[in-house]
Amino acid sequence: MMEHDITDGGPDMVQFVDGDGNRLETTEANAPYAKIVEDMTSEDARSMYRDLVLVRRVDAEGFALQRQGELGLWPSLLGQEAAQVGAGRAMRPQDYAFPGYREHGVAWCRGVPPENLLGIFRGVNHGGWDSNANNFHLYTIVIGNQMLHATGYAMGVQRDGKVGTGDPDRDTAVMAFTGDGGTAQGDYNEALVFASVSNAPLVFFVQNNQWAISEPNYKQFRIPPYLRARGFGFPGVRVDGNDVLAVYAVTKAALDAARAGQGPTLIEAFTYRMGAHTTSDDPTKYRPAAELDIWKEKDPIKRMRGFMETKGHADASFFEQIDAEADELAARIRKACQEMPDPDLRTMFDHTYAEEHPVIEAEKAEFSAYLDSFEEAGR
């Protein structure tokens, strides 16, 4: 009797490249998106491969910095690079992304300098970047909260007349990112209700990495996320989250529909979290090693490289050049992290309220006096 393949997302899953990099035939599931992939060039393939490698290196450096005491915490995206790069590259400049706290790959695609991601985990700033500079909201630690933020923003975009105008530089879509664990939160489900009834220009992007910290899928839901979208009144699509071409094509189609005024779509990227939930977690306590070994065969970078070599999109020198660039990026990130100045401790009271607040001002004055007492003592 043949064992169930845990990497198989079923016949509904949109996929264009298998685990070895072979281009798959057109199927009923991938046919609606085939032209998008066929229109992609060799340069597109090289650009996406570069993104995958550099994003993984950013993540690896973040993990190493935490282990060496430079960061307080790091949530790894190892294994989810294709899901994030494919989605991020499908967005237009005017689109707006609302991440959770693991979307380092989306941040990269939106132009957020990777050094900025480290500030919040080093504890030296209030978030690390200007959300409006790259249309990439700050990380949201409260699970699922960003889904409501995104829905409200998308409803605002709609009311501002930036949907369905036919102007590609004006029409705007919003993307909200969460993991499979986030789908169990009330905020997530409330967001889907509001997005549906308002026909908001929004794409919900669920990275189903199979584990919500230590809880497997069967303890989170009985019906997979993409099928649950129908109950809210809009389409749901499952895509191979380790196939960057498939993710890009599905996300592009969903964003195009949102900008045109066709309402929300839910995308479930079927992928796997190859690392720990965060650096404070030990997945060996609840996850069998054999499961990880099976998913490694579907590694998104290995898959994309195999596809490019088969199709002649790049030669050995290209891959060597990207590896060298990754080394340079890692060194730059490390240096920037270690040189981040410690903030004035008094800034912890800043921006607590929009306007001055007498209680906060009194607490700040008391704390300032406490700090000054050390200086007076010759510390």
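A dipole drawn for the stretch 31-338 from +1 and -1 charges on Cβ atoms has a positive end, and of LEU117, PRO216, MET48 the residue lying farthest that way is PRO216. Comparing ALA276, ALA324, ALA258 in a Gaussian network model of the chain (Cα springs below 10 Å), the most mobile by mean-square fluctuation is ALA324.
For the stretch 210-315, how big is Rg over Rh, using alpha carbon atoms and the Kirkwood form of Rh?
Numbers: Rg = 16.8 Å, Rh = 16.1 Å.
For the stretch 210-315, the value is 1.04.
Here's the picture: charge each Lys and Arg Cβ at +1 and each Asp and Glu Cβ at -1 in the chain, and of ALA200, ALA90, PHE232 the one pushed furthest to the positive end of that dipole is PHE232.
Proximity of backbone amide H atoms, modeled 1.01 Å from N, is registered between LEU24 and VAL17, ASP18 at under 5 Å, excluding neighbours fewer than 5 places apart on the same chain. For the chain, the dipole from Cβ point charges (+1 on Lys and Arg, -1 on Asp and Glu) about the Cα centre works out to 760 debye, to the nearest 20. Number of Lys-Lys pairs in the chain with C-alpha atoms under 20 Å apart and a separation of 8 or more places or on different chains: 7.
The long axis of helix 186-198 is offset from the longest Cα principal axis of the chain by roughly 60 degrees. 3J(HN,Hα) couplings calculated from phi for the stretch 333-345 with the Karplus curve 6.51 cos²θ - 1.76 cosθ + 1.60 (θ = phi - 60°) are, in sequence order, 5, 4, 4, 5, 5, 5, 9, 5, x, 5, x, 5, 4 Hz; Gly and Pro show x. In order along the stretch 316-328, the phi-based Karplus estimate (6.51 cos²θ - 1.76 cosθ + 1.60, θ = phi - 60°) of 3J(HN,Hα) comes to 4, 5, 5, 5, 5, 5, 5, 4, 5, 5, 5, 4, 5 Hz; Gly and Pro are listed as x. Kirkwood analysis of the stretch 1-141, using all unique Cα-Cα pairs, places the hydrodynamic radius at 17.0 Å.
Considering the convex hull of the alpha carbon atoms of the chain, report its projected area averaged over all viewing directions, in nm², one decimal. Could the numbers behind the result be given before it?
Values: hull surface 89.1 nm².
With every direction weighted equally, the projected area is 22.3 nm².
Phi angles of the stretch 93-103 translate, via the Karplus equation with coefficients 6.51, -1.76, 1.60 and θ = phi - 60°, into HN-Hα couplings of x, 7, 5, 10, 10, 10, x, x, 9, 10, 8 Hz per residue; Gly and Pro are given as x. Between ALA316 and ASP344, the modelled labels are 5.8 nm apart [label points 7 Å from Cα along Cα→Cβ].
May I ask you to sort PHE204, PHE16 by Cβ crowding, counting other Cβ atoms within 10 Å and putting the fewest first?
On the way: PHE204 30, PHE16 27.
Going from sparsest to densest Cβ surroundings: PHE16, PHE204.
Just GLU81, GLU363, GLU320 to compare: in a GNM of the chain, with alpha carbon springs under 10 Å, which one fluctuates most? Of the options given, GLU363 has the highest mean-square fluctuation.
Report summary: the helix-based calculation at 222 nm, which adds -39500 (n - 2.57) for every DSSP H run with n ≥ 4 and divides by the residues of the chain, gives -14500 deg cm²/dmol.
Within the chain, antiparallel bridges make up roughly 10 percent of the DSSP beta bridges whose residues both belong there. Just checking the listed ones, ARG67, ARG102, ARG303: in the Gaussian network model of the chain with Cα springs under 10 Å, the one fluctuating most is ARG67.
Grab the beta carbon distance between GLU309 and GLU361, set R0 = 45 Å, and tell me the FRET efficiency rounded to 0.05.
Values: r = 63 Å, r/R0 = 1.40.
FRET efficiency, GLU309 to GLU361: 0.10.
Scanning residues 5 or more positions from GLY179 or on other chains, those with amide H under 5 Å from its amide H are GLN207, with H placed 1.01 Å from N in the peptide plane.
Between the amide H of TRP211 and those of ARG273, distances stay under 5 Å, these residues lying 5 or more places away or on another chain, with hydrogens modeled in the peptide plane.
Only the coordinates and a few stated rules stand behind these numbers; no lab work does. The shown structure was predicted, so the numbers you read here are calculated from the model rather than taken from an experiment. As a convention, Cβ positions derive from the backbone with ideal geometry for all residues, glycine included, and neighbour counts pool all protein chains shown.
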